[in-house]
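Engineer: Starting off with a structure, shown below.
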Amino acid sequence: MAIDWFPLWLSLRVAFLSTILACAVGLWIAYWLAFREFRFRDTIDALVTLPLVLPPTVLGYYLLVLLGRNSFIGKAYEAVTGGPLVFTWQAAVIAAFIHSLPLLVKSTRSALEAVNPNIARAARSLGSSEWRLFSRIILPLSLRPVLAAAAIAFARALGDFGVTIMIAGNIPGRTQTIAVAIYDAVESNNGDLARTLVLVISAVALFILWIANRLAPRQTT
């Protein structure tokens, strides 16, 4: 049986790009939630966490409204690229980003809050900027758990299904990720293909989780 491995490679690319985006956005959100007191902090924390509890179809609907051809973002994207954003692999990246961001922010915030707050206060008293404090002091001190959180976010993005199928669709050779390909194989009664893809994605996810566990700090007694 010939197997089309496109869904696996697409899923890996989508997970990699969405994890990069999640790190770029989520690290700063986690830093500000961990070290800064500001108005609406709890509201922002709740909004970031919301994708963890909302049904994927609800998230997908929100994204369809936000990114569709009639929205400002959708029109701007189409004006630049010449094509719509929805039902593309780029939309799959956005879907995976939305679903992986809360896990990364929550895990990273816990890691950052484990750093002694007196270090941050001392750095600010010496005139350190927020960027310098974050990049030169806080992040290096919590690097291993942050990398573990990124690995978990990658694994979460790799297996996204509900939001992806809502805004990226199921177009073989274009937007069909491995999770969607498994669903498609089951629906078409192709048990051999479904079992093969399930075993492959399970092995990849297990390897990523092994990496995350290796990166996580060890507790000593």
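Engineer: Out of all the residues in region 43-52, is one or more at pLDDT 90 or above, within 25 Å of P172 (Cα to Cα) and either in contact with a Lys or Arg (Cβ under 8 Å, 6 or more places away or on another chain) or in a helix (DSSP H, G or I) (or both)?
Structural biologist: No: region 43-52 contains no residue that is at pLDDT 90 or above, within 25 Å of P172 (Cα to Cα) and either in contact with a Lys or Arg (Cβ under 8 Å, 6 or more places away or on another chain) or in a helix (DSSP H, G or I) (or both).
Engineer: Of (1) in contact with a helix residue (DSSP H, G or I) (Cβ under 8 Å, 6 or more places away or on another chain); (2) of a type outside the set (D, E); (3) farther than 16 Å from I165 by Cα, L63 satisfies all except one. Which?
Structural biologist: L63 satisfies every listed condition except (3).
Matching residues to (1) β-branched (V, I, T); (2) assigned to a helix (DSSP H, G or I); (3) surrounded by fewer than 23 Cβ atoms within 10 Å (Cβ to Cβ); (4) without any contact (Cβ under 8 Å) to a residue 60 or more places away in the chain:
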{"site": "S107", "(1), (2), (3), (4)": "no, yes, yes, yes"}
{"site": "S110", "(1), (2), (3), (4)": "no, yes, yes, yes"}
{"site": "I119", "(1), (2), (3), (4)": "yes, yes, yes, yes"}
{"site": "A122", "(1), (2), (3), (4)": "no, yes, yes, yes"}
{"site": "F134", "(1), (2), (3), (4)": "no, yes, yes, no"}
{"site": "I137", "(1), (2), (3), (4)": "yes, yes, yes, yes"}
{"site": "R144", "(1), (2), (3), (4)": "no, yes, yes, no"}
{"site": "A153", "(1), (2), (3), (4)": "no, yes, no, no"}
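Engineer: Here's something else I'd like to know. Among Y77, Y62, which is surrounded by 15 or more Cβ atoms within 10 Å (Cβ to Cβ) and either among the β-branched types (V, I, T) or over 19 Å from L17 (Cα atoms) (or both)? Walk me through how you get there before you give the answer.
Structural biologist: On the way: Y77 fails: either among the β-branched types (V, I, T) or over 19 Å from L17 (Cα atoms) (or both).
Y62 is the lone residue from the list that is surrounded by 15 or more Cβ atoms within 10 Å (Cβ to Cβ) and either among the β-branched types (V, I, T) or over 19 Å from L17 (Cα atoms) (or both).
Engineer: Using the structure shown, decide if I3 is surrounded by fewer than 20 Cβ atoms within 10 Å (Cβ to Cβ) and over 12 Å from the mean Cα position of the chain (by Cα). Break it down into steps so the answer makes sense when it comes.
Structural biologist: Numbers: surrounded by fewer than 20 Cβ atoms within 10 Å (Cβ to Cβ): yes; over 12 Å from the mean Cα position of the chain (by Cα): yes.
When the stated conditions are applied, I3 passes them.
Every residue, every condition in (1) surrounded by fewer than 16 Cβ atoms within 10 Å (Cβ to Cβ); (2) within 26 Å of G60 (Cα to Cα); (3) hydrophobic (A, V, I, L, M, F, W, C), yes or no:
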position	(1), (2), (3)
L126	yes, no, yes
L147	no, no, yes
R156	no, yes, no
A185	no, yes, yes
N189	yes, no, no
F207	yes, no, yes
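Engineer: Continuing with this model, one more query. Can you tell me which residues in region 80-93 are surrounded by 15 or more Cβ atoms within 10 Å (Cβ to Cβ), in a helix (DSSP H, G or I) and not hydrophobic (A, V, I, L, M, F, W, C)?
Structural biologist: Within region 80-93, Q90 is the sole residue that qualifies.
Engineer: Within region 171-182, which residues are crowded, with 17+ Cβ neighbours inside 10 Å and either in contact (Cβ under 8 Å) with a residue 60 or more places away in the chain or not hydrophobic (A, V, I, L, M, F, W, C) (or both)?
Structural biologist: Within region 171-182, T175, Q176, T177, I178, A179, V180, A181 qualify.
Engineer: Would you check if there is a residue in region 160-178 being β-branched (V, I, T), more than 17 Å from the chain's Cα centre (by Cα), outside any loop (DSSP other than H, G, I, E, B) and over 16 Å from A96 (Cα atoms)?
Structural biologist: no
Engineer: Further question on the same structure: Looking at region 66-79, which of its residues are in a helix (DSSP H, G or I) and within 24 Å of P172 (Cα to Cα)?
Structural biologist: Hits for region 66-79 are L67, G74, Y77, E78.
The values are calculated or read from the model by the stated rules, or taken from the named source; none is laboratory data. This is a predicted model, so every value here is computed, not measured. Glycine also receives a Cβ, built like all others from the backbone with ideal geometry; neighbour counts cover every protein chain displayed.
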